[in-house]
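Take a look at the structure below.
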Amino acid sequence: MKHILTVDFEEWFCVSNFEKAIGRESWASLESRIEAQTRALLDLFDRRQTHATFFILGWVGERHPALLKEIALRGHELASHGYAHDLVHRLTPEAFREDLERGLRAVEEATGQRCAGYRAPSFSLRRSDTWAWETLAAAGIRYDSSVFPVIHDRYGEPEAPRAPFTVSVGDRAIREFPLSTVRVGGRHLPVAGGGYLRLYPLGVTRWAIRRLEAEGLSAIVYLHPWEVDPEQPIPPAHWLRVWRHRVGMKTLINKLDSLLTTFSFVPFREIL
Ligand SMILES: [Zn+2]
């Protein structure tokens with residue numbers, strides 16, 4: 001059974017969780033830490049002979065074209081995480097089209113490759129946002145991994161399917177890979193990515209991935225380069241937001257190493 005390994009490539013200060021504490025206008029003046037963070041992940045992936053899909057945030061990609069090239073040269077797939085990390089459902093259709101195109105261009109200019117995949121900032125793409133799916137299809141996007149069938153304060157569509165499905169857009173189609181959940185007590189429990197991966201003991205994540213395998217579903221593991229860097233600055237945000245951002249950071253790389261040893265992971269391009 002092949003599972004999917006994904007990295008949302010963005011700086012520690014780009015996260016929606018800190019959008020009130022860190023204004024967009026200050027991004028350019030904050031310390032970039034993504035080179036060392038990404039290399040820690042790339043080195044681990046090399047050691048475990050595993051390739052991932054990197055969803056590149058264009059704003060960050062524009063500032064690190066050599067790193068994008070290195071990610072591609074080391075065998076990984078590059079896809080798009082948009083440009084400026086605005087939640088899709090807060091944008092007008094025109095602003096979304098511009099954000100998407102600018103994000104795709106950042107990857108194309110660095111690597112010469114056009115992205116086939118997209119992941120919305122903070123999983124903010126809903127099945128009902130037809131205009132956004134039309135924009136993705138028109139831009140040549142063939143797959144997406146943004147729909148999260150859970151209840152959460154910022155994202156989530158609890159009624160969405162848990163298994164991959166196809167969204168038809170005129171004469172085109174986009175294959176959707178919802179983020180991983182397991183059914184517990186009639187509800188969907190988010191598993192195998194980001195804060196959930198950091199928060200749950202490794203045994204819980206292993207159990208969840210085996211549950212998915214029993215259902216014939218690939219786990220979609222997602223993480224961010226900043227999640228393996230406990231030394232990063234702490235912004236003046238509410239303690240709960242800081243906790244959410246930092247919980248389990250110190251042990252994530254070891255958890256990930258163990259998962260890569262136990263299960264088999266591939267980038268999206270290999271299962272499409
Ligand atoms: Zn993101």
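Laboratory data are not the source of any read-out in this text; all were calculated from the coordinates shown. Keep in mind the model is a prediction, meaning the values are calculated, not measured. Cβ sites come from the backbone with ideal geometry, for glycine too, and all protein chains shown count toward neighbours.
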State the three equivalent ellipsoid semi-axes of segment 1-124, derived from the C-alpha gyration tensor as the square roots of 5 times its eigenvalues, in descending order and whole Å. 23, 17, 14
Please give the Cα centre distance for segment 162-210 versus segment 11-56, rounded to the nearest Å. 22 Å
Which of LEU30, CYS115, LEU217 sits closest to the plus end of the dipole of the chain, meaning its Cα is farthest towards the positive end, when Lys and Arg get +1 and Asp and Glu get -1 on the C-beta? LEU217
Taking the C-alpha atoms of segment 121-217, how large are the radius of gyration and the largest Cα-Cα span, Dmax, in Å? 14.4, 44
For the chain, take N as its residue count and report Rg(C-alpha) divided by 2.2 N^0.38 Å. 0.93
By count of other Cβ within 10 Å, fewest leading, how are ILE151, ILE34, ILE174 ordered? ILE151, ILE174, ILE34
What distance in nm separates the simple spin-label points at ARG127 and THR262, each placed 7 Å from Cα in the Cβ direction? 3.1 nm
By per-residue mean of other Cβ atoms within 10 Å, what is the highest-first order of 19-30, 227-238? 227-238, 19-30
Estimated Rh, segment 160-257: Kirkwood, alpha-carbon pairs, angstrom: 15.3 Å
So what is the relative contact order for the chain, in percent, with contacts set as C-alpha pairs under 8 Å and at least six apart? 25 percent
Listed residues LEU259, LEU73, ILE141: farthest to the positive end of the dipole of the chain (Cβ charges): LEU259
Can you list the residues of segment 126-144 with backbone N under 17 Å from a point 7 Å past the Cα of ILE271, pointing along Cα to Cβ? 142-144
Quickly estimate the mean residue ellipticity at 222 nm for the chain, helices only: each DSSP H run with n ≥ 4 gives -39500 (n - 2.57), and the total goes over all residues, rounded to 500. -11000 deg cm²/dmol
Check: the chain dipole with +1 on Lys, Arg Cβ and -1 on Asp, Glu Cβ, in debye: 880 debye
Mind listing the long-range amide H neighbours of PHE265? Cut-off is under 5 Å, sequence gap 5 or more, other chains count too, H placed in the peptide plane at 1.01 Å from N. HIS3
